[in-house]
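Structure record follows, encoded as structure tokens.
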Amino acid sequence: MARDFFPFVEDGAVRGDSEAGAPTLEVRHPARIAVYDDASAAPRVVVVEPSEVRTYLEEITSTVNRLSHEQGGSIPFMVIREIVENFIHAYFQAPTITILDGGNTIRFSDQGPGIREKSLALEYGTSSATEEMKHYIRGVGSGLPYVHQYMADKGGSLEVEDNISGGTVVTISTHPRQQARAISGADQHEDEKNLAPRVTSPVPQTAPAPQISLDERGERVLSYLTEHESCGPTDLVRACGSSGATWSRALAALAAQGVVMKDGQKYRLTGFGRTLV
């Protein structure tokens, strides 16, 4: 008999049994969430301790959603949830979440078996979910494709990469892929990997800057932030004149392009923004 997939865990579902050759679905590792309130400072780290599978996934999702939105992020709860649930494919091996860019760029990494066919992972209907996993997630190959399409429709991006020593890194951002990579530092690390073993005359490795639109007010904001750690509309009115509403619009336009991020009531340069000044 057909049924809607709710609740996630069926009555009488067997716990602790895994398919032949597959690890048991048991949460052994805490999830670590790094929140970069300031891109130039060490992150604040929040730990989600191991618990029952469904409880663990829901707690990670709600914590990441709360922390990213506290930073000013706009990525929806359901989008975050779809990515968090993919930790089940890594058998919860060292899940780590990094919240950047005022909550608008989030990286999810693990040290699981990884994803060999990354392009297939973004197609509806392709899934590696085992029968045991389907006690906790839908397992119909809809998560990553849905998030990929949602972020693209909103002008953002999703990228799937290999982790350093095995596993996967998934980055979602309200910005296009190139800006998201600049914000997370991924382009810089890619350049470092491509350097020759011996370099006699070091040449700075600079990622190509994304195309952005800066008007006169945007340039004046950047000029102000070269000399000050942060600013708000009132600071700019005092320094440059005009109205608070005018500078609010200018700051919002820069934030939308990933140049600045909101920190409380003021704005700071992002990693990408620093490359411009």
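Miscellaneous remarks
- Residue count for region 245-277 satisfying the condition of being surrounded by fewer than 18 Cβ atoms within 10 Å (Cβ to Cβ) and either in contact with a strand residue (DSSP E or B) (Cβ under 7 Å, 6 or more places away or on another chain) or under 16 Å from Thr226 (Cα atoms) (or both): 4.
- Filter result (out of contact with any strand residue (DSSP E or B) (no Cβ under 9 Å at 6 or more places or on another chain) and either surrounded by fewer than 17 Cβ atoms within 10 Å (Cβ to Cβ) or over 14 Å from Val259 (Cα atoms) (or both)) within region 218-232: Glu219, Ser223, Glu227, His228
- Residues considered: Arg66, Arg107. Of these, the only one that is surrounded by 21 or more Cβ atoms within 10 Å (Cβ to Cβ) and among the basic types (Lys, Arg) is Arg107.
- Neighbours by Cβ (under 7 Å, 6+ apart or cross-chain): first from region 16-34, more than 19 Å from Arg44 (Cα to Cα) and at pLDDT 90 or above; second of a type in the set (A, V, I, L, M) and open to solvent by 80 Å² or more (accessible area, probe 1.4 Å): none
- First in region 214-236 and closer than 10 Å to Leu251 by Cα, second anywhere and part of a loop (DSSP other than H, G, I, E, B) and among the basic types (Lys, Arg), Cβ under 8 Å, 6 or more apart: none
- Number of the condition not met by Leu251 [criteria: (1) touching a helix residue (DSSP H, G or I) at 6+ places or on another chain (Cβ under 8 Å); (2) closer than 16 Å to Tyr36 by Cβ]: (2)
- Unmet criterion (only one of (1) more than 30 Å from Met261 (Cα to Cα); (2) open to solvent by less than 20 Å² (accessible area, probe 1.4 Å)) for Pro95: (1)
- Check on Ala90, open to solvent by 10 Å² or more (accessible area, probe 1.4 Å), touching an Asp or Glu at 6+ places or on another chain (Cβ under 7 Å) and hydrophobic (A, V, I, L, M, F, W, C): no
The values are calculated or read from the model by the stated rules, or taken from the named source; none is laboratory data. Treat the numbers as computed from the prediction; the structure is a model and nothing was measured. FYI the Cβ positions are ideal-geometry reconstructions off the backbone, even for glycines, and counts take in every protein chain you see. Protein only, heavy atoms only, side chains kept; ligands, DNA and RNA dropped before computing areas. Shrake-Rupley method; radii C 1.70, N 1.55, O 1.52, S 1.80 Å.
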